[in-house]
Amino acid sequence: MALMNILPFARFLLNQAIQEGDIAIDATVGNGHDTVYLAQRVGDSGHVFGFDIQREAIAAAAARLAEHGLRERVTLLERSHSELLVALPADVHGRIAGAVFNLGYLPGGDKQIVTQPESTIAAVRQLLSVMRRGGVIVLVVYHGHPEGKRERDALLDYVRSLDQRRVHALKYEFINRQNDPPFLLALEKREEENGQPAGER
């Protein structure tokens, strides 16, 4: 079997978790490619919530969704993914099947605007509290720039702190490629204990 590159592997993992009728989250809408994929995946009976702090990203994603006839399946929110707990309707809590993050900066956008470890970790923590059992979070980590390295280190520290009884964590990367290739982190929510949300020890 040929080894998958990072982005196809991200889709492979999300395909296992997300089915028609499910709720999914695009935590970093960007240019809308993942948003379209998720909208196709959840079908007419599912729904996607997309977050981005940049108005140009939300506009680009809306246009791309409209081109594919998928606009009605997606709620786009011009706000930080760190606010997802208050932004998501209460009736989707406990029903979220999958979420994706593409970290770093908006391709073709302002490279000074990058995802931050504090908001990314806050978003992951909140997602783990409202995802269903078996839900999967996929994070594609781009660390070829200084802020990306800071985010990488903080994320790895956080993920290592997660209780393995509640969250299974995977790191997928190529180790002999040059120039800081991106890698993938995948988190699968497992059993909750005593009604407590999945999370740190």
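Structure notes:
- Applying the condition of being farther than 15 Å from residue 70 by Cα and modelled with pLDDT under 95 to segment 32-53 and asking which residue is surrounded by the most Cβ atoms within 10 Å (Cβ to Cβ) yields 52.
- Within segment 49-63, the only residue that satisfies the criterion of being closer than 19 Å to residue 7 by Cα and either of a type in the set (Lys, Arg) or within 13 Å of the chain's Cα centre (by Cα) (or both) is 50.
- Residue 76 vs. criteria in a helix (DSSP H, G or I), at pLDDT 95 or above and within 26 Å of residue 16 (Cα to Cα): no
- Within segment 54-80, the set of residues being open to solvent by 30 Å² or more (accessible area, probe 1.4 Å) and among the β-branched types (Val, Ile, Thr) comprises 75 only.
- Residue in segment 15-31 that is least open to solvent (accessible area, probe 1.4 Å), counting only those that are in a helix (DSSP H, G or I) and farther than 24 Å from residue 86 by Cα: 15
- Filtered residue count, segment 155-170, keeping only those that are under 16 Å from the mean Cα position of the chain (by Cα) and more than 21 Å from residue 118 (Cβ to Cβ): 2
The values are calculated or read from the model by the stated rules, or taken from the named source; none is laboratory data. Just so it is clear, the structure is predicted and the values come from calculations on it, not from any experiment. Reconstructed Cβ throughout: ideal geometry from the backbone, glycine too, with neighbour counts over all protein chains shown. These accessible areas exclude ligands, DNA and RNA; they are computed on the full protein's heavy atoms, side chains included. Shrake-Rupley method; radii C 1.70, N 1.55, O 1.52, S 1.80 Å.
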